[in-house]
Amino acid sequence: MTEEEFLASLPLDLSEQQKAAVLAGAGPTLLLAVPGSGKTTVLVARLGCLIRCRGVSPKEILTVTYTVSAAGDMARRFAALFGEDLARQLSFRTINGLCASIIRTYARWKGSEPFALADSDARLNAVLRDLLQRTGSDFPTEQQIKEARTHITYCKNMMLSEADIHRRTVEGMDFPAVYFEYQDYLRRSRLMDFDDQMVFALRILRREPEILAHYRSRYRWLCLDEAQDTSRIQHVILALLAGEHRNLFLVGDEDQSIYGFRAAWPQALLEFEQNWPGAKVLLMETNYRSTGAIVTRADAFIRGNRDRRDKHMRTDNREGEPIRRVVLSDYGRQARYLLQAAKNCRTSTAVLYRNNDSALPLIDLLEREGVPYACRQREGFFFTSPIVRDLTDVLALAYRPDDGERFLRVCWKLDLKIKKALLTHLLSRRRPGQTVVDCLLAGDGLAPWQVGRVKAFGTHLSKLPQLSSFAALRRIVKYMGYGDYLGEERMDTGRLDVLLALALQNPDPAGLLRRLEELQGLLATGGVSDPACPFVLSTIHASKGLEYDRVLLIDAAEGIFPARRQEGTSPAEARQALEEERRLFYVGVTRARASLELLTYEEKFGAPAQVRFPFVSALLGEPDRPDQDAAARWELDFAPGTAVVHRQFGPGVIESRTGSIAVIDFENRGVRRLDLTACRKGGLLKRAEE
């Protein structure tokens, strides 16, 4: 069949760039495909062209995909175009599937028994929990275990040397000790994890020339989908297999590389011609998914990255409605806005965010109001994170002031300044039912100033159940010393904001504690999420490859998205991290077909939001500045939870605030509504610590 006859036989209306990719023949070829350009359709059509126009046997073609589901989808698409018989002769595999085949072949040829695959997450998590405890982490959280596994994966996929791993630091753990003890456990147990499959397969190909020759002869044509998300070791394996015949066809887009934490290696796309002399580089730059308004701004946005090819996304679609920047009056109203969108949802809609935590206030409202939704990814790390665990411990202690164990967990993070050994000694004499505070005050060994701090702690604790959940949390942070601890430890306070948003929706402190337990259970069991529902909640990572009529992108604030720069990173590392964050935002934006809304806010919990939205501003072509740079600075000091003193009403705590109108609970005069601006101008109100 000639190329013209083949193209005419396809039920596809291909562009000139798409036709060039379909007809690409032998030799190394890189196809750079922008979002929504039809790359999967083109890749499948090219496989048909190899068979029908080039005379290639389908059994000699290997197509490597990023996931098992992608492999199945590609096989179904090929069958729909060229029939089931041909589809069954092709190999669609993940890289792990290919490596497992290489290991089995080696074992069969050498008469050996390969290590078993450790495919139980529960088993590996238990091993890492034990290793973290033995190497210095007293109470490893689920998130720490996940981080340990992620960094182990990174080391193996990046092919780091032992010296590199010994130099690698991970906050909260002795990572080199964990890594090498984990590997020792696998060896002693004759186990390998999924990343070891690639390490062992590469070792076999390098050491066993007859096995390498076998696979080169078996698969003379290699195709790789999602090449930008393929790791360094995976590229090395495929390059080895393609080394003799050079028939390597990569499909990807470095602008969509968002898995750096898993050791994705987009440099392979940028260095393709250097690694493969004489290689062809093809482009597919037309986006068939999104409106002109979205495509034009997204293309301009991603050009802010330096490590990329010079290509331009375009579209022939209608211009459509402009991208909307939705400016909410307060961060705390975000979930309510999204709830209304869910109630009115009649078409494919996605709420996209960088971190799973961002969805929790919305999930809380959706579940309580019985509004259907689908959630593509759930995790419960929020509830066991140090900040959330500490704050809920203090709240729970207010209802159980005799809980010595809980007190010892958090006391050193509060404003007590008493050595743990002394506290433990004093509490060892506590009578049944006696409160922690009474026990400490009844004992010996405290200096007068420490007695004062214990009494103040007791007063704060007794007040917490009388406050709203929001005011109680703010009191713990601002006036019980926990905020100082967060600053000293330089901890990320993003989860504190999520907890405060949940507190606004659950105003009773005891009710908030119950609701957090309920939400944790919902996430663990899947809740009432409806997979068929058109209203979808998803991280941007989980939305990769998908598209929606309407996208609402949230929490694109500096410090969250883009994430805060990690300490100790070099300028080059910081730039690379920022470029990946920009790519992630670009991927989120290009999920939208017709409507894109970017949510920002003027205030955060009643105080002017001194925060930038740099990606939102860059996408819209606006100046990058704080939304409220003209706001009065003093208002930041009078947020809900602040302890104040009024010249007439005495001491009190700000319960809530709308603009300059505050609801203040005075110890001796009850609840009053006051205008903060007028009070300050008249010298009637000051912070308690002034």
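Here are the numbers:
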{"read-out": "0 to 90° range, to nearest 10: angle between helix 469-479 axis and the chain longest Cα axis", "value": "80"}
{"read-out": "Built amide H within the under 5 Å cut-off of residue 91, gap 5+", "value": "61, 63"}
{"read-out": "Accessible area expressed per residue, the range 381-495, with surrounding protein chains retained (probe 1.4 Å, Å²)", "value": "47"}
{"read-out": "Whole-Å distance, taken between Cα centres, linking the range 37-69 and the range 438-459", "value": "74"}
{"read-out": "Pairwise centroid distance, computed over Cα atoms, of the range 349-419 with the range 540-592, Å", "value": "24"}
{"read-out": "Accessible surface, 1.4 Å probe, highest first, among residues 399, 601, 479", "value": "399, 479, 601"}
{"read-out": "Residues in the range 28-48 reached by a label modelled at residue 288 [backbone nitrogen below 18 Å; 7 Å Cα→Cβ]", "value": "31-48"}
{"read-out": "Calculated FRET value between residue 217 and residue 2, using beta carbons and R₀ = 30 Å, to 0.05", "value": "0.55"}
{"read-out": "Carbon + sulfur, % of accessible area of the range 101-235 - ligands and nucleic acids excluded, 1.4 Å", "value": "46"}
{"read-out": "Flagged links, alpha-carbon separation over 23 Å, of 39/343; 420/463; 59/156; 417/478; 455/478", "value": "39/343; 420/463; 59/156"}
{"read-out": "Estimated 222 nm signal from helices in the chain, with DSSP H stretches of n ≥ 4 weighted -39500 (n - 2.57), rounded to 500", "value": "-14000 deg cm²/dmol"}
{"read-out": "Ranking by accessible area, most exposed first, for 517, 558 with a 1.4 Å probe", "value": "517, 558"}
{"read-out": "Relative contact order (percent, whole number), the chain, Cα cutoff 8 Å, 6+ residue spacing", "value": "14"}
{"read-out": "Label-point gap, in nm, between residue 309 and residue 422 - each point 7 angstrom along Cα→Cβ", "value": "6.7"}
{"read-out": "Solvent-accessible surface (1.4 angstrom probe) belonging to residue 363, in square angstrom, nearest 10", "value": "10"}
{"read-out": "Heavy-atom accessible area per residue - the range 202-298, 1.4 Å, Å²", "value": "35"}
{"read-out": "Euclidean distance between Cα centres, the range 233-300 to the range 638-676, Å", "value": "58"}
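The values are calculated or read from the model by the stated rules, or taken from the named source; none is laboratory data. It should be emphasised that the depicted structure is a prediction, and the values quoted were computed from it without experimental measurement. Using ideal geometry, Cβ is built from the backbone for each residue, glycine included, and neighbour counts are taken over all protein chains shown. Quick note on the areas: whole protein, heavy atoms, side chains included, nothing else; ligands and nucleic acids left out. Shrake-Rupley method; radii C 1.70, N 1.55, O 1.52, S 1.80 Å.
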